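> Sharing a structure below in structure tokens format, with a few things to ask.
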Amino acid sequence: VNAAAVNAAAVNAAAVNNNNNNNTTTKKKKTTTGPPPTVPVTVVDLKESALGWRSRLGYDELRLNDGEFAAFLAFALAFPSSFVALVDTYSTLETGLQNFLCVALALHDAGYQPVGIRIDSGDLAYLSKQARATFREIAEAFPEKKECLSLLKIVASNDINESVLLSLREQDHAIDGFGVGTHLVTCHNQPALGCVYKLVEVDGRPTIKLSNDINKTTIPCAKQPFRLISGDGVMILDLLVPTAHAAPEVGERILCRHPFDHQKRAYVTPTKVIALHRLLFDGGEKNNVDEDDEPESSSSSSTTPPPAPGWSSSSENGSPRRRFPSPHGGERPARPSLLDIKNHVLKQLRLVRSDVLRPLNPTPYKISLTPELFSFFIDIWQENDPIRELA
């Protein structure tokens, strides 16, 4: 109680000093920092105004926590344009929300729009809906504060992860934003990205990695991925095409093959084709080895994979050339901003079917090969995978 009284006294003194500073600005132009207030600033004793709102709202001062009230006052004085109060320190609905509203409405009387509240514990869905209902109830009782209360935001935190977000959505929460910390740095369901770079081409020659685990077998040669969009505007599949081949075209009837299952194949006629790969760097100004350089070995063994279908062997030394377009003038395209990346991801997610995005038993998204690449893949696979003998 003594600490609360000291805090309250300090806040009151700060308010008085603030008033005195405002009253002595007639000879010197006043300068402010931060966003401008929403309405002309009025000199207000914030503590007295907040206590007045406590009385007008009918709150029992004996049930409210004075230390929390003093902390909210101090924070509002320090950051009047960005006042967000953590309301669950003691009890969200019994004291935190009431103390916030008293200070927030007083701050609005002084010409500043409070931002909102943060809830860091408890039943987030229930508490957010109760808080929103309280804002609406007070707005009806005090119409002059309707706009102020309608702009208040509710932010939730406390170990927010994907499961919590899905649960909150099912409960029709009233939360405007989430504070994600631990699970943003490391996703507990997928703490590491299980992928490895594998060579698919060396000196213009396709390569393949064979494994007893079919998922670790690589698809040889440099490729370009294209996303095929249906007439409904959703993703059908991603198609891998050798870089030397022409890109799929809108309206073209394309046979798409599953990489590892011979029986899975389908015709697709896309209404839109999105190129997913953008070349930024290809080993320097030249795409291939210099024409004046001789290869280390002009002969190849019988197990060396042949050139990929459609590749050129027009160089003087006979080594295959990739038909990559290099960046114009050797300059890399400008990097997109973080906002551009975010908007692009959201735009792409809107193209994904709901059954692919569902959290439980999602439909696997299809990755397919062109018939030429599929045949080339199988040929290299069979050529380099020894036939086993059974005794």
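> Counting pairs of alpha carbon atoms under 8 Å apart in space and at least six apart in sequence, what relative contact order in percent does segment 184-223 give?
Here the relative contact order equals 32 percent.
> Of Lys272/Lys347; Lys223/Lys366; Lys223/Lys347; Lys272/Lys366; Lys342/Lys366, which pairs sit farther than 19 Å apart, going by alpha carbon to alpha carbon?
Lys223/Lys347; Lys342/Lys366
> Further question: Val180 accessible area, nearest 10 Å², 1.4 Å probe?
Rounded to the nearest 10, the figure is 60 Å².
> Starting from the Cα gyration tensor of segment 92-180, take the square roots of the eigenvalues, sort them a ≥ b ≥ c, and report rounded, prolate or oblate (rounded when a/c is under 1.5, otherwise prolate if a/b is larger than b/c, else oblate).
Prolate shape, in that a/c is at least 1.5 and a/b is the bigger ratio.
> Now a separate question. When a/c is below 1.5 the answer is rounded, else prolate if a/b is larger than b/c, else oblate, so apply that to segment 154-266 with a ≥ b ≥ c taken from the square roots of the Cα gyration tensor eigenvalues.
Taking the square roots of the gyration eigenvalues as a ≥ b ≥ c, segment 154-266 is prolate.
> Also, I was wondering about something else. Report the full-extension gain for the segment Asp232 to Val43: residue separation times 0.36 nm, less the Cα-Cα distance, to one decimal in nm.
Going from the current span to full extension adds 62.2 nm.
> Please sort by residue number the GluC sites (Glu not before Pro) in segment 125-188 whose DSSP state is loop and whose Cβ has at most 16 other Cβ atoms within 10 Å.
Qualifying residues, ordered by number: none.
> Testing the spin-label approximation: label points 7 Å from Cα along Cα→Cβ at Leu338 and Asp355. State their distance in nm.
3.8
> Amide H neighbours of Gln224 under 5 Å, at least 5 residues apart or on other chains, H built in the peptide plane: list them.
Correct list: Val241, Thr243.
> Each residue of segment 78-92 in turn: what ³J(HN,Hα) in whole Hz from Karplus with 6.51, -1.76, 1.60 and θ = phi - 60°, glycine and Pro shown as x?
6, 10, x, 8, 9, 7, 10, 9, 7, 9, 9, 4, 10, 8, 4
> Check Val352: other-chain or 5+ apart residues with amide H under 5 Å from its amide H, H built from backbone geometry?
Met235
> On to the next question. For segment 208-284, which trypsin sites (Lys or Arg not before Pro) pass both filters: DSSP loop (anything but H, G, I, E, B) and at most 16 other C-beta atoms within 10 Å?
In loop regions of segment 208-284 (DSSP not H, G, I, E or B), the sparsely surrounded trypsin sites (Lys or Arg not before Pro) are Lys209, Arg253, Lys264, Arg278.
> Loop only by DSSP, 14 or fewer other Cβ within 10 Å of the Cβ. Give me the chymotrypsin sites (Phe, Trp or Tyr not before Pro) in segment 144-249 that pass, ordered by residue number.
Answer by residue number: Tyr197.
> How large is the accessible surface per residue of segment 198-256, computed with a 1.4 Å probe and reported in Å² as a whole number?
Accessible area per residue: 47 Å².
> Residues with amide H under 5 Å of Asp88's amide H, sequence separation 5 or more or different chain, H placed in the peptide plane at 1.01 Å from N; which?
Those lying under 5 Å, H to H, from Asp88 are Asp120.
> Right, another one. Between segment 154-229 and segment 337-373, what is the C-alpha centre distance in whole Å?
Their Cα centres are 11 Å away from one another.
The values are calculated or read from the model by the stated rules, or taken from the named source; none is laboratory data. Just so you know, these numbers come straight off a predicted model, no measurement behind them. All Cβ positions, glycine included, derive from the backbone under ideal geometry; neighbour counts span all protein chains shown. Surface areas here come from the heavy atoms of the whole protein model, side chains and all, with no ligands, DNA or RNA. Shrake-Rupley method; radii C 1.70, N 1.55, O 1.52, S 1.80 Å.
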